[in-house]
Amino acid sequence: MEEQYLENTPIPKGHFYHGECQTGDHDVYMDVICPSTGAVYAKMPIATKEMVNLIVEASYAAQRNSDWATRAPRERAKVLYQWATLIEQNQTYLARLEAIGSSRPLHEVLAWDIPYIIDTARFFAELADKHGGYIGATQSNHLGMVIREPYGVVGAITPWNFPLSMAMWKAAPALAAGNAIVIKPSELTPFSTVYLAKLAFDAGLPSDIFNVVLGSGRETGAALCEHPQINKVTFTGSTQTGSSIMSACALTGPKPVTLELGGKSPQIVFADTKDLERTALTIAKAITGNAGQVCVSGSRLIIEKSIESPFIALLKKYFEQLSPGVTWHSSTTLSPIISQQQAQRIQSIVDQSLAQGAECLCGGTMFEGFGGAYFAPTLLKIQDEQNIALEQEIFGPVLTIQSFESEDEAWRLSRHEVYGLAAGIHSANLDRVMRGIRTLEVGSVWVNRYGRSFDHIMPTGGYKKSGIGKDIGVEAFEANLRSKSVLLEFEEKI
Ligand code: TXE
């Protein structure tokens, strides 16, 4: 079954540039492991600095010499629409590629990720001609125009948790605004992005306007960010790597960066929440979806003491129903952890948390007997506010539980020293909800729901060390444009 699955899904062999999938003469190769099985399923070239130069220079030339930036915005939009259509037509293959290479279950990719990226491409296509500059209030013999222009070549570094969605977040607004883009996907999940770029080329994008360079973060990723012809960098990943990228961009630019980074998002549940079962399901899904490997995972439950016990019972019931397994089985409801290294990191934080006094209510270890790494959904009841599991982003299916007796205590516990990505408030009391929205220092607040939707108009991004700038929404589009100030002087009298 497994071999058949792999045989029927040819893997793109290299970087994508000059309209083709190809490798460089001096590339060295690394093994790429299937997270579901732990087995090597492909080799990936690691671009040297010379290879990065070649690919970026090709994009730079294409952005200047092709008509991509200057053609009518509605014509650019047509290419993005056609790209969306080709994604739709090739969704079976694309979804299989994503499922083999990442932690995303095939049925979820088909039901969520693919429709999501199609919709994202269309959303930014629609924005292509719905922006403009303005005329400034200048002296009467001057005409002052502020016009918006693309940056040139945008460099993008993407993570492994939602490879297709993250690539689309970066590519669609950059392209709609008339930029070229070069993406370096995570070395753990490189191939679906290559195919996404190929489909954009097939849709009519000029050659080299969307290139993909494969390689490691330290070598290839760093070379991409530092390249003098990259005028802007957009990144999603860890806070630590985001800081390194920002430093590199400061030293070699300076050039602007958009950073979508880590989180430790609270889910605050009041006793007046309308439907306890429905709320418990929302909370459970928000920490077990993609096995907790989601930047906005609702990883800290902060719950009113009077409903804590029945709520925990509901969570446990849901957690115990989840079934780990390879991503291409329809019965799989718990994703693999992306790598053994990530799984060990999760285990290490859980172990340290227990040693510091946390009480494990369920889970706490990896499932045995699988090739890939599967971590059991875990509930940790915690009293000590300094506990490591409350402080660090775990990026696994691990939910901490703290209880409160007053509203003030709920908001105080929700605050995180470092992160401010998202938060959920579950309450039927509108006044309380409004107080929470004002109090929480985070980039997104979800009320009586949790997580992003298909409403691409809603930007996403963090406060504090969770990031700078936004993905999605009009803000993401505008972040791909810079302003030119034009002052024109004329004689008022003949
Ligand atoms: O992330 P990195 P890792 C968090 C999560 C996880 C931790 C570590 O907590 O446990 O990060 O994961 C590229 N210059 N998130 O190590 O390093 C790298 O090749 C340029 C949250 O995988 O941030 C990859 O493409 N690029 C997150 C990308 O950065 C560099 C999603 C992400 O890798 C680079 C993933 C460098 N110096 C992990 N170093 C989220 N916000 O959703 C690495 N890279």
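Classify the stretch 223-267 as rounded, prolate or oblate, taking a ≥ b ≥ c as the square roots of the eigenvalues of its Cα gyration tensor: rounded when a/c is under 1.5, otherwise prolate if a/b is larger than b/c and oblate if not.
Numbers: a/c = 3.13, a/b = 2.63, b/c = 1.19.
Verdict is prolate for the stretch 223-267.
Would you kindly derive the ³J(HN,Hα) couplings of the stretch 213-221 from the backbone phi angles with the Karplus curve 6.51 cos²θ - 1.76 cosθ + 1.60 (θ = phi - 60°), listing them in order in whole Hz, with x for Gly and Pro?
Each residue's phi maps through the Karplus curve to give 10, 9, x, 7, x, 4, 8, 6, x Hz.
Could you give the longest part of the chain that holds none of the GluC sites (Glu not before Pro) found in DSSP loops with at most 15 neighbouring Cβ atoms within 10 Å? Show your work: numbers first, answer last.
On the way: sites that count: GLU368, GLU385, GLU405, GLU417, GLU441, GLU491, GLU492.
With a cap of 15 other Cβ atoms within 10 Å, the longest stretch comes to 1-367.
When we measure straight from the Cα of LYS130, which aspartates and glutamates land under 15 angstrom away, once same-chain ones fewer than 8 places off are left out?
Of all the aspartates and glutamates, those that pass the test against LYS130 - Cα under 15 Å, at least 8 places apart if same chain - are GLU75, GLU149, GLU475, GLU478.
In degrees between 0 and 90, to the nearest 10, how far off the longest principal axis of the chain does helix 163-176 point, with axes built from Cα atoms?
Value to nearest ten degrees: 30.
Do any of LYS78/LYS464; LYS184/LYS464; LYS49/LYS170 go past 29 Å between their Cα atoms, and which?
Working: LYS78/LYS464 38 Å; LYS184/LYS464 25 Å; LYS49/LYS170 22 Å.
Among LYS78/LYS464; LYS184/LYS464; LYS49/LYS170, the Cα-Cα distance tops 29 Å for LYS78/LYS464.
In a shell of Cβ-Cβ distance under 13 Å around SER483, excluding SER483 itself, what net charge do Lys and Arg (+1) and Asp and Glu (-1) give?
Working: positive: ARG148, ARG482, LYS484; negative: GLU149, GLU478.
So the surrounding residues net to +1.
Return the subset of LYS255/LYS465; LYS43/LYS232; LYS274/LYS470; LYS198/LYS470 for which the Cα-Cα distance in this structure is over 23 Å, preserving the input order.
Numbers: LYS255/LYS465 19 Å; LYS43/LYS232 30 Å; LYS274/LYS470 32 Å; LYS198/LYS470 26 Å.
Flagged as over cut-off: LYS43/LYS232; LYS274/LYS470; LYS198/LYS470.
For LYS264, give me every one of the aspartates and glutamates with a C-alpha distance below 13 angstrom, ignoring sequence neighbours fewer than eight places off in its own chain.
GLU391, GLU393, GLU417, GLU441
Once a ≥ b ≥ c are taken as the square roots of the eigenvalues of the Cα gyration tensor of the stretch 266-455, is the result rounded (a/c under 1.5), prolate (a/b larger than b/c) or oblate (a/b not larger than b/c)?
Working: a/c = 1.71, a/b = 1.47, b/c = 1.16.
Judged from the Cα gyration tensor, the stretch 266-455 comes out prolate (a/c at least 1.5, a/b above b/c).
Roughly how many percent of the accessible protein surface of the stretch 266-455 is carbon and sulfur, given a 1.4 Å probe and a whole-percent answer?
47 percent
Relative contact order for the stretch 266-455 using alpha-carbon pairs under 8 Å, separation at least 6, rounded to a whole percent?
Rounded, it is 28 percent for the stretch 266-455.
Can you tell me the 0 to 90 degree angle between the C-alpha axis of helix 340-355 and the longest principal axis of the chain, rounded to 10?
40 degrees
Is the chain rounded, prolate or oblate when judged by the Cα gyration tensor, a ≥ b ≥ c being the square roots of its eigenvalues, rounded requiring a/c under 1.5 and prolate requiring a/b larger than b/c?
On the way: a/c = 2.01, a/b = 1.33, b/c = 1.52.
Since a/c reaches 1.5 but b/c is at least a/b, the shape of the chain is classed as oblate.
Counting heavy atoms of the protein chains only and a 1.4 Å probe, report the per residue accessible area for the chain as a whole number of Å². Let's see the in-between values first.
On the way: 20550 Å² over 494 residues.
On a per-residue basis, 42 Å².
Per DSSP helix of 4 or more residues, -39500 (n - 2.57); summed, then divided by the residues of the chain. What does that give at 222 nm, rounded to the nearest 500? Please list the in-between numbers first.
Values: 16 runs with 181 residues, N = 494.
Calculated mean residue ellipticity at 222 nm is -11000 deg cm²/dmol.
Angle check, please: helix 191-202 long axis (alpha carbons) against the longest principal axis of the chain (alpha carbons), in degrees 0 to 90, nearest 10.
For helix 191-202, the angle is close to 30 degrees.
So which chymotrypsin sites (Phe, Trp or Tyr not before Pro) in the stretch 354-455 are both in a DSSP loop and have at most 12 other Cβ atoms within 10 Å of their Cβ? Write down the numbers at each step before the final one.
Working: sites: PHE367, PHE370, TYR374, PHE375, PHE395, PHE404, TRP411, TYR419, TRP446, TYR450, PHE454; in loops: PHE367, PHE370, TYR374, PHE395, TYR450, PHE454.
Sparse-neighbourhood loop chymotrypsin sites (Phe, Trp or Tyr not before Pro): PHE454.
The values are calculated or read from the model by the stated rules, or taken from the named source; none is laboratory data. Keep in mind that this is a model prediction, so the values were computed, not measured. Virtual Cβ from ideal backbone geometry, glycine too; neighbours counted across all protein chains shown. The accessibility values were calculated without ligands, DNA or RNA, using every heavy atom of the protein model including side chains. Shrake-Rupley method; radii C 1.70, N 1.55, O 1.52, S 1.80 Å.
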